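As structure tokens, the structure follows; a few thoughts come after it.
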Amino acid sequence: MILGIKPYFEGVRNLSIIEAKNLSKVFGKNTKQAVELLGKGLSKEEILKETGCTVGVNRATFSVDPGEVFVIMGLSGSGKSTLVRLINRLIEPTEGSILIEGDNLATMDKKELRNVRRDKLGMVFQKFALFPHRTILENAEFGLEIQNVPKEERRKKATEALELVGLGGYLNQKPSQLSGGMQQRVGLARALTNDPEVLLMDEAFSALDPLIRKDMQDELMDLQAKMQKTIVFITHDLDEALRIGDRIALMKDGSIVQIGTPEEILVHPKNDYVEKFVEDIDRSKVLTAQHIMKRPETVNIEKHGPRVALERMREEGLSGMYVVDSKRNLKGYVTADDASNARKNNINDLKEILTNNIPKVDKDTSLNDIFDLIHDAPMPVAVVEEGKLIGIIVRGAVLAALSSDSEVNMENA
Amino acid sequence: MLDNMLEFIPSIPLSEWTTRATDWITDKFAILFDPIKEHFGNFMEFTSEALLAVPAVLIILLVAVISFFITGRKFGLAAFSIVGLWLIYNQGLWEHLMSTFTLVLLASLLSVIIGVPIGILMSKSRIAEAIFTPILDFMQTMPAFVYLIPAVAFFGIGMVPGVFASLIFATPPTVRFTNLGIRQVSKELVEASEAFGSTGAQKLFKVQLPMARATIMAGINQTVMLALSMVVIASMIGAPGLGREVLSALQRAQVGPGFVAGVGIVILAIIIDRITQNMNKDKNA
């Protein structure tokens with residue numbers, strides 16, 4: 001399969017924890033007419049001209065698997081913040097349905113909605129939205145407090161959540177005494193205290209400065225490895241989306257333009273908009289060894305000797321070659337010079353002339369990390385997977401991959 | 001000549017209607033007004049007398065101690081309270097001071113009890129806001145003297161109509177600031193409380209009111225000040241206190257006594273204002 005893309009068929013999977021169908025939000029007075037026009041496929045501007053209504057979200061259809069990090073990304077005004085608020089119905093949908101574990105949130109009464117919010121949906125906000133009049137502990141326990149959980153129990157759970165995000169020592173401080181990064185940890189702990197199945201994170205790290213943001217992303221990924229929550233993460237930052245997302249939904253003018261894994265978005269942009277969007281991305285962070293490697297020419301240590309090796313190098317026009325066994329386990333590297341000398345000296349075993357000092361990388365190594373290695377290496381870099389040679393990378397391939405209009409060879413993976 | 005155009009109908013008997021309406025209300029609601037007048041009047045007298053029963057020196061000290069702590073352990077206001085209150089005592093106005101204080105206290109308490117819920121209602125409902133805003137404008141711009149007339153009609157003379165008139169005059173700031181304070185609570189905070197599944201009441205009491213507290217307190221401070229400013233006016237319908245001293249000095253053209261009683265009101269105003277303002281700031285600052 002190409003690039004390990006998960007099969008994705010909208011609406012067919014029944015395991016989804018969140019499922020949105022034709023979810024739309026129109027702001028304004030004449031929403032009925034606007035929704036009708038949406039159905040006819042009119043654009044956001046046309047509808048604004050026709051009805052005076054602003055389209056927030058235009059028939060968004062997607063589903064999110066349990067344990068998945070689903071990133072909704074787009075520029076400001078693309079409707080991503082509206083979309084996340086439709087998922088917990090902080091904003092009333094104009095049309096369409098939003099299913100949380102099969103129950104339609106859009107048609108629930110207030111009490112049912114409240115229960116779903118309490119049990120299943122946690123939310124983290126862009127500007128943290130901590131209650132300034134409450135201590136850190138009181139902030140974290142808020143979700144349980146409004147469920148009338150006994151004080152001792154909720155304090156215990158809140159403390160645990162705060163310890164999880166590394167704030168065990170700040171229980172009795174007020175939010176204003178903490179730095180931005182720490183405040184957002186509190187926001188995260190507050191959402192985790194309820195132990196929800198879904199975490200909605202609305203630009204959760206956007207208000208933090210870049211270094212702290214990166215730390216928080218790493219930390220979120222660490223936490224996610226332990227917790228296996230379903231996370232819907234809103235961001236306008238493509239780097240962030242690519243870093244943490246299992247899948248990314250790209251939004252423009254209220255519509256979802258493309259849904260896919262980071263690789264799919266990057267390598268197979270569905271249209272010009274997506275392409276333009278990913279143009280500026282630092283490809284060195286996203287592309288990995290397997291994207292730029294090519295098929296290696298090898299000699300088999302069990303069957304071939306220096307003579308065959310030399311012959312094959314001549315055929316391929318190479319100055320050296322990787323040596324594998326019959327199971328493609330990487331054994332070493334042999335240069336043309338060594339093979340030629342061996343032939344002269346009547347050495348018939350490749351083992352004696354193998355170089356073991358070879359540059360090796362895993363298939364998931366990012367381009368960024370390959371740079372240094374390839375710069376110093378006298379031979380192509382070997383790409384290995386569980387000891388087996390699956391490809392080689394030549395210097396030119398790295399540079400080529402970094403120019404955004406290059407065709408990355410996907411068939412290798 | 002042109003003015004004839006304006007006389008297309010005879011003069012509308014607006015004042016007559018008002019009089020009749022007031023008479024009608026006085027008549028029909030006597031069952032309601034009379035017990036209020038009697039019980040509330042008794043209660044006020046009781047409060048006033050209870051305050052007088054406490055030795056003046058204790059009250060002065062108590063006010064000084066409260067001032068000291070509420071201003072964050074500073075001596076300024078405490079010292080001012082001691083000197084100011086002693087001066088009032090020294091001028092033989094202590095009894096009047098207690099009456100005035102009772103009137104201001106009760107009028108303010110009632111204003112808050114009535115004003116805060118109306119403010120909350122206005123913040124929650126656009127319709128309520130549309131209805132109450134012009135009423136509040138009316139209450140605040142109508143000359144305060146005008147309220148005295150129905151107040152007398154309903155409750156006779158004395159402290160009770162004084163409180164009634166003060167109530168109408170002094171409630172609007174509390175209502176307005178409560179409404180404003182709740183509306184100013186950041187949208188994200190309200191969303192946060194909703195996202196975790198708060199009920200309406202939980203949202204109000206755990207997030208909106210605590211967050212709006214400073215603004216509401218500023219409104220209450222205004223209300224107390226307005227209630228105090230009604231003291232002189234209310235004395236025209238027989239409310240006792242420092243205001244009555246000012247009024248009688250005015251009627252007899254006696255500058256001295258008028259000034260002294262006036263200073264008494266100023267001292268009380270400053271103490272109340274500083275104390276309520278500092279209640280607003282307190283620890284979180």
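For this structure, a couple of remarks:
- Among B:Phe69, B:Ser11, B:Ala30 the positive-end extreme of the charge dipole of segment B:1-99 (Cβ point charges): B:Phe69
- Extension gain, A:Arg307 to A:Gln173: 0.36 nm times the residue separation minus the Cα-Cα distance gives 40.7 nm.
- Mean residue ellipticity, 222 nm, helices only, the protein assembly as shown: the sum of -39500 (n - 2.57) across DSSP H runs of n ≥ 4, divided by residue count and rounded to 500, is -17000 deg cm²/dmol.
- Inter-chain neighbour count for A:122-132: the average number of beta-carbon atoms from partner chains within 10 Å of each residue's beta-carbon is 4.
- Evaluated with a Cβ-only charge set (Lys, Arg +1; Asp, Glu -1), chain A carries a dipole of roughly 800 debye about its Cα centre, given to the nearest 20.
- Segment B:16-278: C-alpha gyration tensor shape, a/c 1.5 cut-off, then a/b vs b/c: oblate
- For the residues A:Ser340, A:Ser24, A:Ser81, a GNM of chain A with alpha-carbon springs under 10 Å puts the largest fluctuation on A:Ser340.
- Distance from segment A:158-174 to segment B:208-247 (C-alpha centre basis), Å: 45 Å
- Relative contact order (%) - chain A, alpha-carbon pairs under 8 angstrom, separation at least six: 15 percent
- Positive dipole terminus of chain A, leading residue within A:Leu330, A:Ala241, A:Ala191 (C-beta point charges): A:Ala191
- Magnitude of the charge dipole for segment B:16-278, about its Cα centre and with charges confined to Cβ atoms of Lys, Arg (+1) and Asp, Glu (-1), is about 700 debye.
- Among B:Ala144, B:Ala64, B:Ala253, the residue with the largest mean-square fluctuation in a Gaussian network model of chain B, with springs joining Cα atoms closer than 10 Å, is B:Ala253.
- Förster radius 30 Å - calculated FRET efficiency between A:Asp364 and A:Ala336, Cβ distance, rounded to 0.05: 0.45
- In a simple Cβ point-charge model (Lys, Arg +1; Asp, Glu -1; nothing else charged), segment B:172-269 has a dipole of about 80 debye relative to its Cα centre.
- Distance from segment B:1-53 to segment A:304-351 (C-alpha centre basis), Å: 113 Å
- Within segment B:7-73, trypsin sites (Lys or Arg not before Pro) in DSSP loop having at most 14 other beta-carbon neighbours inside 10 Å: B:Arg73
- Model label zone, A:Glu386; criterion: amide N under 18 Å from point 7 Å along Cα-to-beta-carbon; scope segment A:317-348: A:325-331
- Top of B:Pro240, B:Pro172, B:Pro143 by mean-square fluctuation, Gaussian network on chain B, Cα under 10 Å: B:Pro143
- Over segment B:16-278, relative contact order from alpha-carbon pairs under 8 Å, at least 6 apart, %: 23 percent
- Alpha-carbon centroids, segment B:116-185 and segment A:89-118: separation in whole Å: 40 Å
- Among B:Thr100, A:Ile87, B:Tyr89 - extreme Cα towards positive end, dipole of the protein assembly as shown, charges at beta-carbon: B:Tyr89
Coordinate-derived values only; no laboratory data. Please read these numbers as outputs of a predicted model, since none were measured by experiment. Positions of Cβ are backbone-derived with ideal geometry, glycine not excepted, and every protein chain shown enters the neighbour counts.
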